Amino acid sequence: MAMAMVVGETEGSGLRLVSWNVNGIRARGKRLQSLLQRLGAEIICLQETRVTRELLDEPTAIVDGFNSYFSYSRHRRGYSGVATFCTDNAVPFAAEEGLSGILANPASNALEGFSDKELKELDSEGRALITKHRVRTCEEKERMLTVINVYCPRADPEMEDRHHYKLRFYQLLEARAQALLQDGGNVIVLGDLNTAHRPIDHCQPGDLNQFSEYPDRVWMDRFLFCASDQSQLDEINQNSDSQPGLDMREKSGNGLFVDAFRFFHPTEKEAYTCWRTSTGARKTNYGTRIDYIFVNKSLAETELENCILMPEIEGSDHCPVKVFLKSHCVPATKCPPLCTKYMPEFAGQQQKLSKFLVNIQENQSRLDFQNYAETNQNSKLYPQTKKVKLDQKQMGKGLMRKKGKNGRGNSHLSRNLLQFFKPADTNSASEFKTCDDVGLFNKTAPTVTGQQQADSKEIKQDIQIENPQSSSQAAFWKSLLKGQPPPPNCSGHREPCLLRVVRKPGPNQGRQFYICPRPEGSVSNPESRCNFFRWVNTRN
(Lines give C-alpha, C1' and ligand atoms only; values in the text may rest on other atoms or scores of the structure.)
Protein backbone atom coordinates (compact mmCIF):
# COMPACT_ATOMS: atom_id res chain seq x y z
CA MET A 1 0.00 0.00 0.00
CA ALA A 2 1.40 3.36 -0.95
CA MET A 3 1.93 5.81 1.84
CA ALA A 4 -0.70 8.52 2.01
CA MET A 5 0.69 11.76 0.69
CA VAL A 6 -0.80 15.06 1.71
CA VAL A 7 -0.99 18.36 -0.09
CA GLY A 8 2.39 19.49 -1.36
CA GLU A 9 4.49 22.26 0.05
CA THR A 10 3.04 25.73 -0.32
CA GLU A 11 5.10 28.32 -2.13
CA GLY A 12 5.56 31.45 -0.10
CA SER A 13 8.04 33.63 1.68
CA GLY A 14 6.45 33.59 5.14
CA LEU A 15 7.59 31.94 8.33
CA ARG A 16 7.92 28.14 8.32
CA LEU A 17 8.10 25.87 11.36
CA VAL A 18 8.92 22.14 11.57
CA SER A 19 8.39 19.64 14.36
CA TRP A 20 10.19 16.28 14.30
CA ASN A 21 10.89 13.50 16.78
CA VAL A 22 14.40 12.51 15.65
CA ASN A 23 14.82 9.53 18.03
CA GLY A 24 18.38 10.58 18.90
CA ILE A 25 20.27 13.55 17.48
CA ARG A 26 23.94 12.78 18.09
CA ALA A 27 24.08 10.01 15.49
CA ARG A 28 23.60 12.61 12.76
CA GLY A 29 27.01 14.12 13.47
CA LYS A 30 28.27 16.23 10.59
CA ARG A 31 25.10 15.48 8.58
CA LEU A 32 23.00 17.55 10.98
CA GLN A 33 23.48 20.80 9.08
CA SER A 34 22.41 19.36 5.73
CA LEU A 35 19.45 17.66 7.39
CA LEU A 36 18.27 20.91 8.99
CA GLN A 37 18.65 22.72 5.69
CA ARG A 38 16.64 20.03 3.92
CA LEU A 39 13.71 20.62 6.28
CA GLY A 40 13.48 24.15 4.87
CA ALA A 41 12.21 26.07 7.89
CA GLU A 42 13.27 29.04 9.99
CA ILE A 43 12.28 27.40 13.29
CA ILE A 44 12.95 23.65 13.69
CA CYS A 45 11.80 21.92 16.86
CA LEU A 46 13.23 18.47 17.58
CA GLN A 47 12.10 15.96 20.20
CA GLU A 48 13.68 12.91 21.83
CA THR A 49 17.19 14.21 21.27
CA ARG A 50 18.52 11.90 24.02
CA VAL A 51 21.15 14.48 24.88
CA THR A 52 22.06 15.49 28.40
CA ARG A 53 24.47 18.31 29.16
CA GLU A 54 27.56 16.13 29.46
CA LEU A 55 26.75 14.35 26.16
CA LEU A 56 26.24 17.50 24.10
CA ASP A 57 29.11 17.78 21.63
CA GLU A 58 30.13 20.68 19.42
CA PRO A 59 28.91 19.27 16.05
CA THR A 60 25.45 18.94 17.59
CA ALA A 61 25.38 22.21 19.51
CA ILE A 62 27.06 24.56 17.01
CA VAL A 63 25.63 24.31 13.49
CA ASP A 64 26.53 26.92 10.87
CA GLY A 65 23.58 29.10 9.97
CA PHE A 66 21.59 28.17 13.10
CA ASN A 67 21.41 29.16 16.74
CA SER A 68 20.29 26.33 19.00
CA TYR A 69 18.64 25.82 22.40
CA PHE A 70 18.48 22.55 24.36
CA SER A 71 16.54 21.21 27.31
CA TYR A 72 17.91 18.14 29.08
CA SER A 73 16.84 15.44 31.47
CA ARG A 74 18.11 16.13 35.00
CA HIS A 75 18.06 12.53 36.18
CA ARG A 76 18.68 10.06 33.36
CA ARG A 77 21.63 10.12 30.98
CA GLY A 78 20.78 10.11 27.27
CA TYR A 79 17.03 10.25 27.91
CA SER A 80 14.23 12.41 26.51
CA GLY A 81 15.29 15.98 25.65
CA VAL A 82 14.15 18.61 23.14
CA ALA A 83 16.00 21.16 21.02
CA THR A 84 15.02 24.17 18.93
CA PHE A 85 17.18 25.35 16.01
CA CYS A 86 16.54 28.80 14.55
CA THR A 87 18.09 30.35 11.48
CA ASP A 88 19.79 33.71 11.73
CA ASN A 89 16.61 35.23 10.29
CA ALA A 90 14.57 33.94 13.23
CA VAL A 91 16.72 34.64 16.29
CA PRO A 92 14.39 34.58 19.32
CA PHE A 93 14.16 37.39 21.84
CA ALA A 94 13.91 34.94 24.75
CA ALA A 95 14.40 31.22 25.39
CA GLU A 96 13.47 29.17 28.42
CA GLU A 97 13.67 25.55 29.56
CA GLY A 98 10.55 23.87 30.92
CA LEU A 99 6.91 24.90 31.19
CA SER A 100 6.70 26.22 34.73
CA GLY A 101 9.46 28.85 34.65
CA ILE A 102 10.93 27.38 37.82
CA LEU A 103 14.13 26.27 36.07
CA ALA A 104 14.88 29.80 34.91
CA ASN A 105 13.74 31.41 38.17
CA PRO A 106 13.56 29.07 41.20
CA ALA A 107 12.03 31.88 43.26
CA SER A 108 9.05 32.25 40.91
CA ASN A 109 5.57 31.63 42.26
CA ALA A 110 4.09 28.22 41.66
CA LEU A 111 1.20 27.95 39.21
CA GLU A 112 -2.22 27.44 40.70
CA GLY A 113 -2.93 23.77 41.33
CA PHE A 114 0.76 22.74 41.30
CA SER A 115 3.27 22.56 44.12
CA ASP A 116 6.91 23.59 43.70
CA LYS A 117 7.98 19.97 44.08
CA GLU A 118 5.61 18.78 41.36
CA LEU A 119 6.67 21.53 38.97
CA LYS A 120 10.31 20.56 39.40
CA GLU A 121 9.45 16.93 38.68
CA LEU A 122 7.44 17.81 35.58
CA ASP A 123 10.28 19.95 34.22
CA SER A 124 13.10 17.59 35.25
CA GLU A 125 12.96 15.30 32.20
CA GLY A 126 13.80 17.94 29.58
CA ARG A 127 10.46 17.75 27.80
CA ALA A 128 9.73 21.39 27.01
CA LEU A 129 11.46 24.42 25.53
CA ILE A 130 9.96 27.86 24.95
CA THR A 131 11.24 30.46 22.47
CA LYS A 132 9.71 33.88 21.88
CA HIS A 133 9.91 35.51 18.47
CA ARG A 134 8.76 38.81 17.05
CA VAL A 135 6.84 38.52 13.78
CA ARG A 136 5.38 41.00 11.32
CA THR A 137 1.90 40.03 10.22
CA CYS A 138 0.43 40.48 6.77
CA GLU A 139 -1.14 43.68 8.11
CA GLU A 140 2.38 44.99 8.84
CA LYS A 141 1.84 44.78 12.59
CA GLU A 142 4.47 43.33 14.88
CA ARG A 143 3.36 40.80 17.44
CA MET A 144 5.04 38.32 19.76
CA LEU A 145 4.90 34.67 18.75
CA THR A 146 5.68 32.08 21.44
CA VAL A 147 6.71 28.60 20.29
CA ILE A 148 6.38 25.77 22.84
CA ASN A 149 8.37 22.70 21.80
CA VAL A 150 7.19 19.66 23.77
CA TYR A 151 7.91 15.94 24.01
CA CYS A 152 5.03 14.61 26.09
CA PRO A 153 5.53 11.50 28.23
CA ARG A 154 4.35 8.10 27.15
CA ALA A 155 1.80 6.43 29.42
CA ASP A 156 3.04 2.90 30.10
CA PRO A 157 -0.06 0.74 30.77
CA GLU A 158 1.88 -1.21 33.40
CA MET A 159 3.01 1.93 35.27
CA GLU A 160 0.15 3.87 36.78
CA ASP A 161 2.43 6.63 38.06
CA ARG A 162 3.59 7.42 34.50
CA HIS A 163 -0.01 7.77 33.34
CA HIS A 164 -0.63 10.27 36.11
CA TYR A 165 2.64 12.04 35.22
CA LYS A 166 1.52 12.36 31.58
CA LEU A 167 -1.87 13.86 32.50
CA ARG A 168 -0.27 16.36 34.86
CA PHE A 169 2.20 17.32 32.13
CA TYR A 170 -0.74 17.97 29.79
CA GLN A 171 -2.43 20.12 32.42
CA LEU A 172 0.75 22.13 32.99
CA LEU A 173 1.12 22.62 29.23
CA GLU A 174 -2.45 23.88 29.02
CA ALA A 175 -1.98 26.27 31.96
CA ARG A 176 1.20 27.79 30.50
CA ALA A 177 -0.26 28.12 26.99
CA GLN A 178 -3.37 29.87 28.29
CA ALA A 179 -1.25 32.22 30.43
CA LEU A 180 0.83 33.19 27.39
CA LEU A 181 -2.29 33.90 25.37
CA GLN A 182 -3.66 36.12 28.12
CA ASP A 183 -0.43 38.14 28.03
CA GLY A 184 -1.08 38.94 24.37
CA GLY A 185 0.48 37.65 21.18
CA ASN A 186 0.13 34.29 19.50
CA VAL A 187 1.14 30.82 20.67
CA ILE A 188 2.15 27.68 18.78
CA VAL A 189 2.38 24.34 20.61
CA LEU A 190 4.16 21.67 18.61
CA GLY A 191 5.88 18.37 19.15
CA ASP A 192 5.30 14.72 19.95
CA LEU A 193 2.12 14.61 22.06
CA ASN A 194 2.19 10.79 22.29
CA THR A 195 -1.58 10.53 21.75
CA ALA A 196 -3.57 9.79 18.60
CA HIS A 197 -6.46 12.22 18.91
CA ARG A 198 -9.22 10.59 16.85
CA PRO A 199 -9.87 7.18 15.23
CA ILE A 200 -8.87 8.61 11.87
CA ASP A 201 -5.41 9.21 13.38
CA HIS A 202 -4.87 5.57 14.39
CA CYS A 203 -4.42 2.42 12.29
CA GLN A 204 -6.09 0.28 14.98
CA PRO A 205 -8.60 2.44 16.86
CA GLY A 206 -10.49 -0.56 18.24
CA ASP A 207 -13.77 0.12 20.02
CA LEU A 208 -14.71 3.70 19.13
CA ASN A 209 -16.55 4.42 22.38
CA GLN A 210 -13.62 3.31 24.52
CA PHE A 211 -11.23 5.12 22.19
CA SER A 212 -12.83 8.51 22.78
CA GLU A 213 -13.09 7.95 26.55
CA TYR A 214 -9.35 7.62 27.01
CA PRO A 215 -8.23 10.39 29.46
CA ASP A 216 -5.50 11.66 27.13
CA ARG A 217 -8.02 12.19 24.32
CA VAL A 218 -10.53 13.76 26.67
CA TRP A 219 -7.87 16.35 27.55
CA MET A 220 -7.08 16.93 23.87
CA ASP A 221 -10.77 17.43 23.09
CA ARG A 222 -10.87 20.14 25.73
CA PHE A 223 -7.62 21.76 24.63
CA LEU A 224 -8.52 21.91 20.93
CA PHE A 225 -11.25 23.78 19.12
CA CYS A 226 -12.51 20.80 17.11
CA ALA A 227 -15.19 18.14 16.71
CA SER A 228 -14.92 15.80 19.66
CA ASP A 229 -17.83 13.37 19.63
CA GLN A 230 -18.17 10.43 17.27
CA SER A 231 -21.30 11.67 15.49
CA GLN A 232 -19.47 14.81 14.37
CA LEU A 233 -16.49 12.70 13.31
CA ASP A 234 -18.69 10.43 11.18
CA GLU A 235 -20.31 13.49 9.63
CA ILE A 236 -16.93 14.90 8.65
CA ASN A 237 -15.69 11.58 7.24
CA GLN A 238 -18.84 11.00 5.18
CA ASN A 239 -19.01 14.52 3.80
CA SER A 240 -16.33 14.66 1.14
CA ASP A 241 -17.24 18.27 0.38
CA SER A 242 -16.13 19.50 3.81
CA GLN A 243 -14.06 22.65 3.46
CA PRO A 244 -11.12 23.47 5.74
CA GLY A 245 -11.70 26.08 8.37
CA LEU A 246 -13.33 26.63 11.73
CA ASP A 247 -16.95 26.67 10.55
CA MET A 248 -17.42 22.90 10.73
CA ARG A 249 -16.15 22.83 14.31
CA GLU A 250 -18.57 25.37 15.75
CA LYS A 251 -20.46 22.71 17.71
CA SER A 252 -17.65 22.30 20.26
CA GLY A 253 -15.82 25.58 20.59
CA ASN A 254 -14.21 25.28 24.03
CA GLY A 255 -10.55 24.90 23.10
CA LEU A 256 -8.28 27.81 22.39
CA PHE A 257 -6.08 25.97 19.86
CA VAL A 258 -6.52 24.39 16.45
CA ASP A 259 -4.91 21.26 15.03
CA ALA A 260 -3.18 22.85 12.03
CA PHE A 261 -3.12 19.68 9.94
CA ARG A 262 -6.81 18.88 10.42
CA PHE A 263 -7.60 22.55 9.83
CA PHE A 264 -6.59 22.03 6.19
CA HIS A 265 -7.07 18.27 5.80
CA PRO A 266 -10.07 17.27 7.96
CA THR A 267 -10.82 14.02 6.12
CA GLU A 268 -7.30 12.90 5.14
CA LYS A 269 -6.99 9.20 6.02
CA GLU A 270 -3.84 7.21 6.72
CA ALA A 271 -1.98 10.45 7.40
CA TYR A 272 0.40 9.09 10.02
CA THR A 273 3.58 10.44 11.58
CA CYS A 274 4.85 7.44 13.59
CA TRP A 275 5.41 3.78 12.73
CA ARG A 276 6.81 0.73 14.51
CA THR A 277 10.18 0.16 12.88
CA SER A 278 10.59 -3.29 14.46
CA THR A 279 7.71 -4.60 12.33
CA GLY A 280 8.49 -2.64 9.16
CA ALA A 281 5.13 -0.90 9.44
CA ARG A 282 6.34 2.19 7.62
CA LYS A 283 6.45 0.24 4.36
CA THR A 284 2.73 -0.42 4.59
CA ASN A 285 1.92 2.93 6.26
CA TYR A 286 0.47 1.26 9.33
CA GLY A 287 0.95 3.81 12.07
CA THR A 288 -0.46 6.67 14.12
CA ARG A 289 -0.53 10.45 14.03
CA ILE A 290 0.89 11.60 17.35
CA ASP A 291 2.99 14.58 16.17
CA TYR A 292 1.11 17.88 15.99
CA ILE A 293 1.32 21.59 15.44
CA PHE A 294 -1.36 23.46 17.41
CA VAL A 295 -1.93 27.18 16.81
CA ASN A 296 -4.30 29.54 18.61
CA LYS A 297 -7.58 30.24 16.79
CA SER A 298 -6.95 33.83 15.76
CA LEU A 299 -3.57 32.93 14.32
CA ALA A 300 -5.12 30.05 12.36
CA GLU A 301 -7.79 32.29 10.86
CA THR A 302 -5.50 35.14 9.82
CA GLU A 303 -1.94 33.84 9.30
CA LEU A 304 -2.04 30.09 8.70
CA GLU A 305 -1.39 29.04 5.08
CA ASN A 306 -0.95 25.27 5.19
CA CYS A 307 0.26 22.30 7.21
CA ILE A 308 1.76 19.15 5.71
CA LEU A 309 3.36 15.88 6.75
CA MET A 310 6.78 14.93 5.37
CA PRO A 311 6.96 11.11 5.27
CA GLU A 312 9.70 11.28 2.63
CA ILE A 313 12.13 12.42 5.35
CA GLU A 314 13.52 9.25 6.94
CA GLY A 315 16.02 8.58 9.70
CA SER A 316 13.57 8.15 12.58
CA ASP A 317 10.44 6.22 13.47
CA HIS A 318 8.62 9.58 13.14
CA CYS A 319 8.31 11.96 10.21
CA PRO A 320 8.40 15.79 10.34
CA VAL A 321 5.33 18.02 10.38
CA LYS A 322 5.58 21.44 8.72
CA VAL A 323 3.43 24.54 8.98
CA PHE A 324 3.43 27.70 6.82
CA LEU A 325 2.52 31.17 8.08
CA LYS A 326 1.99 34.40 6.21
CA SER A 327 3.91 36.27 8.92
CA HIS A 328 7.56 37.20 8.60
CA CYS A 329 10.02 36.85 11.45
CA VAL A 330 11.85 39.88 12.81
CA PRO A 331 15.11 38.52 14.28
CA ALA A 332 16.58 39.73 17.55
CA THR A 333 19.96 41.42 17.38
CA LYS A 334 21.43 39.06 19.97
CA CYS A 335 20.73 35.46 20.94
CA PRO A 336 19.23 34.92 24.41
CA PRO A 337 21.50 33.54 27.18
CA LEU A 338 20.22 29.96 26.80
CA CYS A 339 21.82 29.70 23.35
CA THR A 340 24.40 26.90 23.16
CA LYS A 341 27.09 29.16 21.71
CA TYR A 342 27.34 30.86 25.12
CA MET A 343 28.09 27.59 26.93
CA PRO A 344 31.64 27.73 28.33
CA GLU A 345 32.77 24.58 26.51
CA PHE A 346 31.71 26.06 23.16
CA ALA A 347 32.64 29.68 23.83
CA GLY A 348 36.41 29.11 23.92
CA GLN A 349 36.67 29.03 27.71
CA GLN A 350 38.57 26.29 29.51
CA GLN A 351 36.24 24.46 31.86
CA LYS A 352 37.34 20.82 31.95
CA LEU A 353 39.65 19.92 34.83
CA SER A 354 41.28 17.11 32.85
CA LYS A 355 42.86 19.68 30.54
CA PHE A 356 44.87 21.05 33.48
CA LEU A 357 46.20 17.65 34.55
CA VAL A 358 49.24 15.86 33.13
CA ASN A 359 49.72 12.12 33.09
CA ILE A 360 52.83 11.74 35.29
CA GLN A 361 53.39 8.10 34.36
CA GLU A 362 53.23 8.94 30.68
CA ASN A 363 55.78 11.75 31.09
CA GLN A 364 58.06 9.51 33.16
CA SER A 365 57.93 6.83 30.48
CA ARG A 366 59.03 9.35 27.88
CA LEU A 367 61.92 10.46 30.11
CA ASP A 368 63.04 6.88 30.77
CA PHE A 369 62.93 6.07 27.08
CA GLN A 370 64.86 9.25 26.26
CA ASN A 371 67.55 8.41 28.86
CA TYR A 372 67.82 4.89 27.47
CA ALA A 373 68.27 6.22 23.93
CA GLU A 374 70.90 8.76 25.01
CA THR A 375 72.84 6.07 26.87
CA ASN A 376 72.96 3.85 23.79
CA GLN A 377 73.99 6.80 21.65
CA ASN A 378 76.83 7.69 24.03
CA SER A 379 78.08 4.11 24.05
CA LYS A 380 78.36 4.22 20.27
CA LEU A 381 80.19 7.55 20.27
CA TYR A 382 82.58 6.52 23.05
CA PRO A 383 83.44 2.79 22.69
CA GLN A 384 85.91 2.92 25.57
CA THR A 385 83.09 3.85 27.91
CA LYS A 386 81.48 0.91 29.67
CA LYS A 387 78.05 0.20 28.20
CA VAL A 388 75.11 0.57 30.47
CA LYS A 389 72.95 -2.53 30.39
CA LEU A 390 69.33 -2.26 31.34
CA ASP A 391 67.94 -5.41 32.77
CA GLN A 392 64.53 -6.74 31.79
CA LYS A 393 62.82 -4.95 34.65
CA GLN A 394 64.24 -1.57 33.64
CA MET A 395 63.33 -2.12 30.00
CA GLY A 396 59.75 -2.89 31.00
CA LYS A 397 59.66 0.26 33.12
CA GLY A 398 61.01 2.51 30.38
CA LEU A 399 59.19 1.12 27.35
CA MET A 400 55.91 -0.19 28.68
CA ARG A 401 54.20 1.19 31.81
CA LYS A 402 51.68 -0.75 33.80
CA LYS A 403 48.11 -0.12 32.73
CA GLY A 404 45.82 0.30 35.72
CA LYS A 405 46.23 -1.08 39.17
CA ASN A 406 46.52 -4.73 38.15
CA GLY A 407 48.04 -4.22 34.70
CA ARG A 408 51.27 -5.92 33.59
CA GLY A 409 54.11 -4.54 31.57
CA ASN A 410 55.00 -6.45 28.40
CA SER A 411 58.74 -6.79 28.04
CA HIS A 412 58.39 -9.53 25.38
CA LEU A 413 57.57 -7.09 22.63
CA SER A 414 58.52 -9.39 19.75
CA ARG A 415 56.52 -12.42 20.89
CA ASN A 416 53.24 -13.55 19.42
CA LEU A 417 50.53 -15.65 20.96
CA LEU A 418 51.64 -18.95 19.38
CA GLN A 419 54.98 -18.84 21.22
CA PHE A 420 53.19 -19.48 24.50
CA PHE A 421 51.91 -22.88 23.24
CA LYS A 422 54.62 -25.60 23.04
CA PRO A 423 54.32 -29.39 22.66
CA ALA A 424 55.10 -31.43 25.73
CA ASP A 425 57.70 -33.47 23.82
CA THR A 426 60.14 -31.57 21.61
CA ASN A 427 60.74 -34.67 19.46
CA SER A 428 57.18 -34.51 18.19
CA ALA A 429 57.41 -30.93 16.88
CA SER A 430 57.29 -32.10 13.28
CA GLU A 431 54.09 -34.01 13.91
CA PHE A 432 52.46 -30.88 15.35
CA LYS A 433 53.39 -28.90 12.29
CA THR A 434 51.80 -31.53 10.09
CA CYS A 435 48.57 -32.00 12.02
CA ASP A 436 48.20 -28.59 13.64
CA ASP A 437 44.65 -28.00 12.41
CA VAL A 438 43.47 -31.51 13.20
CA GLY A 439 45.35 -31.99 16.45
CA LEU A 440 43.96 -28.81 17.98
CA PHE A 441 40.37 -29.03 16.80
CA ASN A 442 39.46 -32.61 15.84
CA LYS A 443 38.68 -34.63 18.93
CA THR A 444 38.83 -37.94 16.95
CA ALA A 445 42.40 -37.35 15.78
CA PRO A 446 45.12 -39.44 17.56
CA THR A 447 47.31 -37.61 20.05
CA VAL A 448 50.96 -37.28 19.01
CA THR A 449 52.35 -36.01 22.29
CA GLY A 450 54.63 -38.65 23.81
CA GLN A 451 54.76 -40.84 20.67
CA GLN A 452 58.04 -42.20 19.46
CA GLN A 453 59.71 -40.92 16.30
CA ALA A 454 59.29 -44.32 14.66
CA ASP A 455 55.48 -44.15 14.90
CA SER A 456 55.15 -40.71 13.34
CA LYS A 457 54.55 -42.02 9.80
CA GLU A 458 51.72 -44.25 10.94
CA ILE A 459 50.13 -41.37 12.87
CA LYS A 460 50.28 -39.12 9.84
CA GLN A 461 48.58 -41.76 7.72
CA ASP A 462 45.76 -42.14 10.25
CA ILE A 463 45.19 -38.41 10.32
CA GLN A 464 45.24 -38.10 6.56
CA ILE A 465 42.67 -40.86 6.24
CA GLU A 466 40.30 -39.13 8.64
CA ASN A 467 40.82 -35.63 7.19
CA PRO A 468 42.30 -35.92 3.68
CA GLN A 469 41.12 -32.45 2.67
CA SER A 470 39.81 -29.24 4.19
CA SER A 471 36.38 -30.07 2.75
CA SER A 472 36.21 -33.12 5.01
CA GLN A 473 36.94 -30.87 7.99
CA ALA A 474 34.07 -28.58 6.96
CA ALA A 475 31.79 -31.61 6.69
CA PHE A 476 32.82 -32.68 10.18
CA TRP A 477 31.94 -29.30 11.65
CA LYS A 478 28.62 -29.21 9.82
CA SER A 479 27.72 -32.57 11.27
CA LEU A 480 28.78 -31.43 14.73
CA LEU A 481 27.15 -27.97 14.64
CA LYS A 482 23.88 -28.46 12.86
CA GLY A 483 22.42 -25.08 13.90
CA GLN A 484 18.77 -24.10 13.64
CA PRO A 485 16.51 -26.06 11.29
CA PRO A 486 15.20 -24.17 8.23
CA PRO A 487 12.24 -21.93 9.08
CA PRO A 488 8.75 -22.97 8.02
CA ASN A 489 6.80 -21.10 5.35
CA CYS A 490 3.99 -18.83 6.45
CA SER A 491 0.48 -19.94 5.55
CA GLY A 492 -0.52 -16.68 3.84
CA HIS A 493 2.37 -16.09 1.42
CA ARG A 494 4.29 -19.39 1.50
CA GLU A 495 7.50 -17.50 2.29
CA PRO A 496 10.22 -18.47 4.83
CA CYS A 497 9.29 -17.08 8.23
CA LEU A 498 11.30 -14.81 10.50
CA LEU A 499 12.66 -16.08 13.81
CA ARG A 500 11.88 -13.81 16.77
CA VAL A 501 12.41 -13.92 20.54
CA VAL A 502 9.98 -12.84 23.28
CA ARG A 503 11.71 -10.03 25.20
CA LYS A 504 8.80 -8.81 27.30
CA PRO A 505 9.05 -9.98 30.93
CA GLY A 506 6.65 -12.81 31.65
CA PRO A 507 6.26 -16.59 31.45
CA ASN A 508 7.26 -16.66 27.75
CA GLN A 509 10.32 -14.41 27.99
CA GLY A 510 13.21 -15.88 26.02
CA ARG A 511 11.06 -18.21 23.91
CA GLN A 512 11.55 -18.23 20.14
CA PHE A 513 8.77 -18.13 17.58
CA TYR A 514 8.20 -17.83 13.82
CA ILE A 515 6.12 -15.12 12.13
CA CYS A 516 5.39 -14.00 8.59
CA PRO A 517 8.31 -12.05 7.02
CA ARG A 518 6.06 -9.32 5.56
CA PRO A 519 5.77 -5.92 7.34
CA GLU A 520 2.91 -5.21 9.71
CA GLY A 521 -0.13 -3.70 8.05
CA SER A 522 -3.87 -3.63 7.60
CA VAL A 523 -5.72 -6.93 7.16
CA SER A 524 -7.11 -5.67 3.85
CA ASN A 525 -3.62 -5.04 2.49
CA PRO A 526 -2.29 -8.16 0.70
CA GLU A 527 1.27 -6.91 1.07
CA SER A 528 1.06 -6.88 4.86
CA ARG A 529 1.89 -9.64 7.32
CA CYS A 530 -0.42 -12.66 7.58
CA ASN A 531 -1.44 -14.07 10.94
CA PHE A 532 0.96 -17.02 10.89
CA PHE A 533 2.54 -17.78 14.30
CA ARG A 534 4.37 -20.84 15.60
CA TRP A 535 6.55 -21.47 18.65
CA VAL A 536 9.94 -22.98 17.90
CA ASN A 537 9.41 -25.61 20.58
CA THR A 538 6.50 -26.44 22.84
CA ARG A 539 6.75 -26.61 26.60
CA ASN A 540 5.59 -29.59 28.61
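The values are calculated or read from the model by the stated rules, or taken from the named source; none is laboratory data. What you are looking at is a predicted structure, and each value in this text was computed from that prediction instead of being measured. Cβ atoms come from the backbone with ideal geometry, glycine included; neighbour counts cover every protein chain shown. For the accessible areas, the whole protein counts, side chains as well, though only heavy atoms, and no ligand, DNA or RNA atoms are used. Shrake-Rupley method; radii C 1.70, N 1.55, O 1.52, S 1.80 Å.
Which order do you get for 477, 275 if you rank them by accessible area with a 1.4 Å probe, largest at the top?
The ranking, largest first, comes out as 477, 275.
Once the piece of chain linking residue 312 and residue 278 is laid out straight, how much longer is it, given 0.36 nm per residue of separation minus the C-alpha distance between them?
10.4 nm
Can you tell me the FRET efficiency between residue 64 and residue 142 if r is taken as the Cβ-Cβ distance and R0 is 41 Å, rounded to the nearest 0.05?
0.90
Would you work out the relative contact order for the stretch 27-133, in percent, from Cα pairs under 8 angstrom that are 6 or more residues apart?
Averaging sequence separation for qualifying contacts and normalising by length gives 29 percent for the stretch 27-133.
Need one word for the stretch 50-144: rounded, prolate or oblate. Basis is the Cα gyration tensor (sqrt eigenvalues a ≥ b ≥ c); a/c below 1.5 gives rounded, then a/b vs b/c decides.
Cα axes put the stretch 50-144 in the oblate bin.
Please report, in debye to the nearest 20, how large the charge dipole of the stretch 61-191 is about its Cα centre when each Lys and Arg carries +1 at its beta carbon and each Asp and Glu carries -1 there.
For this selection, approximately 140 debye.
Which order, highest average first, do 288-300, 502-514 follow once you tally other Cβ atoms within 10 Å for each residue and take the mean per peptide?
288-300, 502-514
Taking all pairs of distinct Cα atoms, average 1/r, flip it, and tell me the Kirkwood hydrodynamic radius of the stretch 292-335 in Å to one decimal place.
Every distinct Cα pair counted, the radius reaches 12.7 Å.
DSSP loop (so not H, G, I, E, B), at most 12 other Cβ within 10 Å: list which trypsin sites (Lys or Arg not before Pro) in the stretch 100-165 pass both filters.
For trypsin sites (Lys or Arg not before Pro) across the stretch 100-165 that sit outside H, G, I, E and B with at most 12 neighbouring Cβ atoms in 10 Å, the list reads 141.
Counting only other residues whose beta carbon sits under 12 Å from that of residue 146, what net charge do I get with K and R as +1, D and E as -1?
After counting each charged neighbour, the total is +2.
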